[in-house]
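All remarks here apply to the structure that follows.
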Amino acid sequence: MSTTDRSTESSDSSDIDEFGYKPSLVRSLGSFHTFAAGISYISILTGTFQLFYFGLGSGGPAYWWSWPMVFLGQLMVALCFCELAARFPVAGSIYNWTKRLTSPHVAWLAGWTMLTASIVSIAAVALALQATLPQLWSGFQFIATSGPDDTGAEALNGVILAALLIVFTTAINAFGTKLMAQINATGVFIELIAAVVLIILLAVNIIRGPQIVLSTGGIDTSGRPLGYAGAFLVAMFASLYVMYGFDTASSLAEESHDPRRNAPKAILRALFFSFLLGGLILLFAIMSAPDLADPAFSSLGGLQALILAVLGGTMGSVILVAVVIAVVVCALAVHAAAIRLAFAMSRDNNLPAGPKLCTISPRFGTPIVASVAIGVVAVVLLFVTFSPQIYTVVTSIAIIMIYTAYLLVTIPLLIKRIRGQWEPREGAFSLGRWGIPVNILAVLWGGFMTVNLAWPRNEVYNATEPFHWYLQYGGILLPGVILGGGFAYYWLVQRHKTGVVAAHAREETATDTTALGEA
């Protein structure tokens, strides 16, 4: 090992020493692996194909403008995260970042919010298989439908396919970080190649000009207090659902080489390439669609049906196979990020059965118990929340929770900046004098979008009969129950048990029983 390598390894070790931990995870991931983790969580083919129908049906072709808007807003958040990733490159990034920015109680809430959001996201991403696999082969529709409007059978079939995928991601994540990273990197490579090929194929089939994205497509805005703007805010869900999860690159910090340098680069590259490739796919799809008024494109068939119509059966099916691969690696990355967050929180004994959840397998070097527990909860969630409206309800709640978790980081960071207490790592990524304006924009963006996402609208949370008030207010009620109930449990029970688990504590702190929650 060279002097430089030993110096880097020493610095990597000191990063977790600062938190009172000893190295427990194996550093085996390179710069491409961290980039792949971030971009596979975002997964342009998964997100664009899953909710294109919703964006087009809610806002018409002009919904495309939500894509660059969401990119700019999320870029502000990502820039803040880059500073944090360089300063605190540890597992469970959001949880551990917030521990250094504010109180242990807010940090727990941020970690809990992100963990539950990640588990919901696993279920939401896995459900994307239903929109693609049955179009490739009817044999993937295990539950017979009584007709094209039998949404109940389709939803149940989607749950079965999703459960099978989660079993797969659980097994891969449990069997070792390197195996997970290799599968993920291969899948990302295929996804990027497929995205470029798809862009080219759509480009040569364009039948209308780019001015089409200025058209609302005749969307009915009657009864809306904000007219088309109200419809556009709903359509933004399709873009908001895609561009998050870039922080995954930093969540794998304790398993990566030189994470202080690689993680910020991976975060920005993942977001930029997702914006560029995803934006071109959506633009050229709208420009090449045979008939944008075709109801198949604004229903669950969505972009899959459009691709088959434009490219034909054979080439369209090849692209859809790549979409399936993208969904698989996306679910794998989301599951991996959730495991690291659960490990980070349980290492502080900040989750029920914390000492068990943070146990590292001596054979595979992974927290197997956390892997399995998260997989089981995600599968249970699929069946508990089963309904014909499961697609939009589950995805909407996942986004709300993610944006709330991000706010629990950017707001404390802004307070630190204003008080002059924030110091980026010397020689590492820094926003310099742009820190406060960028951070303010990140907070404003996150706050506005959280309100937009949670706003009780029937077309999002209760689009079909039967209509119930509690479904319409699902974006407020369910996150409120998850966050309120979780924090109540923490405050009354778990905070009194908090403290670094002996198996993961530095030698000098191994006997320290001071609870972090008492601070």
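The values are calculated or read from the model by the stated rules, or taken from the named source; none is laboratory data. Keep in mind it's a predicted model, so treat the numbers as computed, not measured. A quick note on method: Cβ atoms are made from the backbone with ideal geometry, for glycine too, and the neighbour counts reach across all protein chains shown. Note: accessible area is taken over every heavy atom of the protein model, side chains too, but ligands, DNA and RNA are not part of it. Shrake-Rupley method; radii C 1.70, N 1.55, O 1.52, S 1.80 Å.
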Here are some conditions: (1) at pLDDT 90 or above; (2) open to solvent by 10 Å² or more (accessible area, probe 1.4 Å). ILE166 meets all but one. Which one does it not meet?
-> (2)
Among helices (runs of 4 or more DSSP H) entirely inside region 246-325, those with 3 or more residues being among the small types (Gly, Ala, Ser) and modelled with pLDDT under 90 are 248-251
Look at PRO104 and say whether it is in contact with a helix residue (DSSP H, G or I) (Cβ under 6 Å, 6 or more places away or on another chain), on the phi < 0 side of the Ramachandran plot, open to solvent by 10 Å² or more (accessible area, probe 1.4 Å) and not charged (D, E, K, R).
-> yes
Of all residues in region 408-433 being in a helix (DSSP H, G or I) and in contact (Cβ under 8 Å) with a residue 60 or more places away in the chain, which is most open to solvent (accessible area, probe 1.4 Å)?
-> ILE415
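Yes or no, residue by residue, for (1) in contact (Cβ under 8 Å) with a residue 24 or more places away in the chain; (2) within 22 Å of PHE52 (Cβ to Cβ):
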| site | (1), (2) |
| --- | --- |
| GLN141 | no, yes |
| VAL159 | yes, yes |
| ALA163 | yes, no |
| ALA174 | yes, no |
| ALA181 | yes, no |
| ALA194 | yes, yes |
| VAL197 | yes, yes |
| ARG208 | yes, yes |
Looking at region 233-254, is at least one residue open to solvent by 60 Å² or more (accessible area, probe 1.4 Å), touching a residue at least 12 places away in the same chain (Cβ under 8 Å), in contact with a strand residue (DSSP E or B) (Cβ under 8 Å, 6 or more places away or on another chain) and over 20 Å from SER288 (Cβ atoms)?
-> no
Among the residues of region 116-139 satisfying the criterion of being more than 18 Å from PHE49 (Cβ to Cβ) and either among the small types (Gly, Ala, Ser) or open to solvent by less than 10 Å² (accessible area, probe 1.4 Å) (or both), which is nearest to the chain's Cα centre (by Cα)?
-> SER118
Out of region 1-40, which residues are open to solvent by less than 10 Å² (accessible area, probe 1.4 Å), modelled with pLDDT of 70 or more and part of a helix (DSSP H, G or I)?
-> ILE16, THR34, ALA36, ALA37, GLY38, ILE39, SER40
Could you say which residue among SER66, SER43 is farther than 22 Å from GLY447 by Cα and in contact with a helix residue (DSSP H, G or I) (Cβ under 8 Å, 6 or more places away or on another chain)?
-> SER43
Out of the residues in region 456-495 that are β-branched (Val, Ile, Thr) and in a helix (DSSP H, G or I), which is nearest to PHE232 (Cα to Cα)?
-> VAL460
Quick one: which residue in SER346, SER361 is open to solvent by 10 Å² or more (accessible area, probe 1.4 Å), hydroxyl-bearing (Ser, Thr, Tyr) and in contact with a helix residue (DSSP H, G or I) (Cβ under 9 Å, 6 or more places away or on another chain)?
-> SER361
